[in-house]
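Heads up: the structure comes next, in structure tokens.
The values are calculated or read from the model by the stated rules, or taken from the named source; none is laboratory data. All figures in this text were calculated on a predicted structure; none of them were measured in a lab. Cβ coordinates were reconstructed from backbone atoms using ideal geometry, including for glycine residues, and neighbour counts include every protein chain displayed.
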Amino acid sequence: MSENPKLAVLRAKAMKLPLTPGVYIMKNKSGKIIYIGKAKKLKNRVSQYFGSQNRHGSKVRKMVENVDDFDYILTDSEFEALVLECSLIKQNMPKYNILLKDDKGYSYIKVTKGPWGKISPCFRKDDNDAEYIGPYTGNYSVTNAVDQACEIFRLPTCNKQFPRDISGGRPCLNYFISRCSGVCAGKISAEEYEENLSSAVEFLKGGSSRVLKALQKEMEAASESLEFEKAAKLRDKIRAIERIASRQKVVIKDSVEEDVFALVESAEKACLAVLSFREGLLVGSEHFILPAGEGVRQEALAYFYSMERYIPSLIVLDEDIEDRELLCEYLSKKKGKKVTVTVPQRGEKAKVLEMCLSNAAQKLGEYLGRNGRETAVLDELRKLLRLSRTPEYIESYDISHTGGSDNVAGMVVFKNGRPYKKAYRRFAVKSFDGQDDYGSMREVISRRFNRYQQEKESGEGFGRLPDLILLDGGEGQVNAVKPIIEAFGLDIPVFGMVKDSRHRTRAVTADGEEIAISSLRQVFTLVSSIQEEVHRFAITYHKEKHGRSALETSLTKIKGIGEKKAALLMKSFRTLSALSKATVNELSAVSGISERDAEKIYEYFHSEH
């Protein structure tokens, strides 16, 4: 990705901005608006874009690369800036703003006006004389809601046009199974039909609870007035609503209307899932695939409700946002009633939030070609360790030796939550002898990132930087490694994996803080797997190297065979058994082994001693 040649000019312009609230408008070379944002202090916010690009995620870097100029509008308050930002985004649809696009489009419920009106699902507003309820994401929920309303209030779902097709003849089957009021056969008056249609629209807008109360009150009034036929019809509608409601699974006990939001991120993409509850019932589920990056949750929420969306009284989030109070003020003003935004930590709402997170992880996993569990655990690890990006590529290191001899290290890689054995590497510690785990780790990390400098153009193996480094050890190991990484000018989070007295993973540690993971089942399983795998890999290499060292030591007992020749022999024959069975010719064929050396070695293994 190339750097914008105008960065210095743009930064100089940004530094002249006032420290007041406002909206900034980024434009490309052709003058097209590509990003709109708001700020409490324009100078501070806008100048950040044109500083070091290493601080930004990929989405922001791409946007900055295409900025040729920017404009701004001052406002009296941050709240005014938020309102203006939402309005401008809606008007201009900038490329780099969160626009919550998906592949389904929006659906509406259409209500035709005039005598004998109908309700039906549709994809666009194409009739200025009709009323529209929505928008909704996904046609299924719209079709389902229309079917329910027509069933309860016995509205026709056929293609007949009224009053043109009112013939007074025999009605269709739907009339006889109480699914239609028999308009075509003249079985219902225009006034009664209009009442049913109005109740159906009220049901679709406000849910069953409000309609039930109104119908109950109307039925009691009809009974008191001795209008028993009318009361019976009202009773049937009440029972139909109750029957429809009983088909749905009640997942929230209280009747508060609420939207639940959860965001799961990968390195480049994120999924925002939304579950909508009305009167305790789940009435809608949506998801949006977005670019990952800082502030995605906050930006997406503001844009979500800037569209023609119904705003509930309660909004539940999986993580807090910087401008929570500002968002509450904005939504309350739009709704005309108080709106609360909350981040539950326990209880029923936290359980519903888990369901929403699970949906987001599954949808993002499907988009990325993974399973939902792997996506969820990496996002959970990101949140636990407060990482700026999801750790899709994790490197882990462990040191192994016997009393300070044959020091080795193993490096394992977990890619997208799975072992990536192609990238495993082994290190023989070369700079010293003796026991010094911190010194060994410093050498290994230095060698690893020296190789990165040599191979970074490849983007593979040592040429790829990890999103996270996990060391088999505590705070001491972390402190030994961090200065090495910083000296290379790299910003890679490093944590130690701490074991308990029974050698089981207990926590991760960094900066003097231990973070317990035992209560987080999926994270615990992943970190434990990484720690067990890196330990296995390192100790396997150590045993192999230590075994070779022992064999080489036994070979140096042969006159004329030193450590160098012993190493050459073990490299060629690998095992003492193979070496003992070799002929003189086979032994002398080893580079560096003379015929006289071969005879002595052969004699050593075949003489009685």
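The rows are residues; the columns are (1) under 30 Å from Val377 (Cα atoms); (2) touching a Phe, Trp or Tyr at 6+ places or on another chain (Cβ under 8 Å); (3) in contact (Cβ under 8 Å) with a residue 40 or more places away in the chain.
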position	(1), (2), (3)
Gly417	yes, no, yes
Phe427	yes, no, no
Asp436	no, no, no
Met441	yes, yes, yes
Val444	yes, yes, yes
Phe449	yes, yes, yes
Gln453	no, yes, no
Exercise for review: Quick one: Arg61 ticks every box in (1) buried (at least 16 other Cβ atoms within 10 Å of the Cβ); (2) at pLDDT 90 or above; (3) out of contact with any strand residue (DSSP E or B) (no Cβ under 9 Å at 6 or more places or on another chain) except a single one, so which number is it?
Suggested key: (2)
Point to revise | Residues (over 22 Å from Glu80 (Cα atoms) and in contact with an Asp or Glu (Cβ under 8 Å, 6 or more places away or on another chain)) located in the stretch 32-55 | key: Gln53, Asn54
Point to revise | Residues of the stretch 292-302 that turn out to be in contact (Cβ under 8 Å) with a residue 60 or more places away in the chain and crowded, with 18+ Cβ neighbours inside 10 Å, as a count | key: 6
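Pick from the stretch 550-609 the residues that are touching an Asp or Glu at 6+ places or on another chain (Cβ under 7 Å) and in a loop (DSSP other than H, G, I, E, B): which of them is modelled with the lowest pLDDT? Walk me through how you get there before you give the answer.
Taking the stretch 550-609 first, the residues touching an Asp or Glu at 6+ places or on another chain (Cβ under 7 Å) are 552, 556, 560-561, 563, 565-567, 570, 584, 588.
Retained after the next criterion (residues that are in a loop (DSSP other than H, G, I, E, B)): 556, 560-561.
Working: Thr556: 71, Gly560: 79, Ile561: 80.
Across the stretch 550-609, the extreme among qualifying residues is Thr556.
Each row is one residue, and each column tells you yes or no for (1) surrounded by fewer than 17 Cβ atoms within 10 Å (Cβ to Cβ); (2) part of a strand (DSSP E or B); (3) at pLDDT 90 or above.
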{"position": "Ser246", "(1), (2), (3)": "yes, no, no"}
{"position": "Val256", "(1), (2), (3)": "yes, no, no"}
{"position": "Ala262", "(1), (2), (3)": "no, yes, yes"}
{"position": "Leu275", "(1), (2), (3)": "no, yes, no"}
{"position": "Leu282", "(1), (2), (3)": "no, yes, no"}
{"position": "Val341", "(1), (2), (3)": "no, yes, yes"}
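May I ask you to list the residues in the stretch 387-409 that are of a type in the set (Ser, Thr, Tyr) and modelled with pLDDT under 80?
Thr402, Ser405
Of the residues that sit in the stretch 186-204 and are in a helix (DSSP H, G or I) and among the aliphatic types (A, V, I, L, M), which one is nearest to the chain's Cα centre (by Cα)? First the steps, then the outcome.
As a first pass, look at the stretch 186-204 and keep what is in a helix (DSSP H, G or I): 190-204.
From what's left, among the aliphatic types (A, V, I, L, M): 190, 197, 200-201, 204.
On the way: Ala190: 53, Leu197: 42, Ala200: 38, Val201: 37, Leu204: 32 Å.
So the residue we want is Leu204.
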Practice item. Can you tell me which residue within the stretch 106-131, out of those that are more than 32 Å from the chain's Cα centre (by Cα) and of a type in the set (Lys, Arg), is modelled with the lowest pLDDT? Key: Lys125
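Mind checking which residues of the stretch 469-490 are under 14 Å from Phe449 (Cα atoms), touching a residue at least 12 places away in the same chain (Cβ under 8 Å) and out of contact with any Ser or Thr (no Cβ under 9 Å at 6 or more places or on another chain)? So that I can check it myself, show each step before the final result.
First, the residues of the stretch 469-490 that are under 14 Å from Phe449 (Cα atoms): 469, 481-490.
After this cut, where a residue has to be touching a residue at least 12 places away in the same chain (Cβ under 8 Å) as well, the list is 469, 481-482, 484-485, 488, 490.
Residues satisfying the conditions are Val481, Lys482, Ile485, Leu490.
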Review point. Does Ser440 meet the test of being within 25 Å of Val527 (Cα to Cα), touching a strand residue (DSSP E or B) at 6+ places or on another chain (Cβ under 7 Å), of a type in the set (Ser, Thr, Tyr) and at pLDDT 85 or above?
Key: yes
Practice item. Pairs only if they're at least six apart or on different chains, beta carbon under 7 angstrom, first in the stretch 214-232 and more than 13 Å from Glu195 (Cβ to Cβ), second part of a helix (DSSP H, G or I) and of a type in the set (Ser, Thr, Tyr); list them, first residue then second. Key: Ala231/Ser223
Check your understanding: Between residues in the stretch 356-385 that are without any contact (Cβ under 8 Å) to a residue 12 or more places away in the chain and over 16 Å from Val274 (Cα atoms) and residues that are assigned to a helix (DSSP H, G or I) and of a type outside the set (D, E, K, R), which pairs lie under 7 Å by C-beta distance while being six or more apart or on different chains?
Key -> Gly365/Gly372; Gly365/Thr375; Asn371/Gly365
Study note, to complete from the structure: Restricted to the stretch 172-185 and to residues being more than 15 Å from Asn196 (Cα to Cα) and assigned to a loop (DSSP other than H, G, I, E, B), the residue nearest to the chain's Cα centre (by Cα) is Ile177
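How many residues, within the stretch 356-377, are among the basic types (Lys, Arg), within 12 Å of Glu392 (Cα to Cα) and under 10 Å from the mean Cα position of the chain (by Cα)? Steps first, please.
Initially, the stretch 356-377 is screened for residues among the basic types (Lys, Arg), giving 363, 370, 373.
Going one step further and asking which of them are within 12 Å of Glu392 (Cα to Cα), we end up with 370.
Going one step further and asking which of them are under 10 Å from the mean Cα position of the chain (by Cα), we end up with none.
Residues meeting the conditions: 0.
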Review point. Mind checking whether some residue in the stretch 6-22 is under 17 Å from Val296 (Cβ atoms), in contact with a helix residue (DSSP H, G or I) (Cβ under 7 Å, 6 or more places away or on another chain), crowded, with 20+ Cβ neighbours inside 10 Å and not assigned by TED's automatic domain parsing to the domain that holds Ala130?
Key: no
Practice item. Within the stretch 273-323, count every residue that is touching a Gly at 6+ places or on another chain (Cβ under 6 Å) and more than 25 Å from Pro94 (Cβ to Cβ). Key: 3
**Study point:** Checklist (1) surrounded by 14 or more Cβ atoms within 10 Å (Cβ to Cβ); (2) in a helix (DSSP H, G or I); (3) hydrophobic (A, V, I, L, M, F, W, C) applied to Ile166, failing item
**Key:** (2)
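Within the stretch 414-469, which residues are in a loop (DSSP other than H, G, I, E, B), of a type in the set (Asp, Glu) and surrounded by 15 or more Cβ atoms within 10 Å (Cβ to Cβ)? So that I can check it myself, show each step before the final result.
As a first pass, look at the stretch 414-469 and keep what is in a loop (DSSP other than H, G, I, E, B): 416-417, 420, 424, 429-436, 456-460, 464-467.
Subset that is of a type in the set (Asp, Glu): 433, 436, 457, 460, 467.
Matches in the stretch 414-469: Asp436, Asp467.
Quick grid of which residues meet (1) closer than 27 Å to Asp406 by Cα; (2) not hydroxyl-bearing (Ser, Thr, Tyr):
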position: Tyr420; (1), (2): yes, no
position: Tyr424; (1), (2): yes, no
position: Lys430; (1), (2): yes, yes
position: Glu486; (1), (2): no, yes
position: Asp491; (1), (2): no, yes
position: Asp511; (1), (2): no, yes
position: Ile517; (1), (2): no, yes
position: Ser529; (1), (2): yes, no
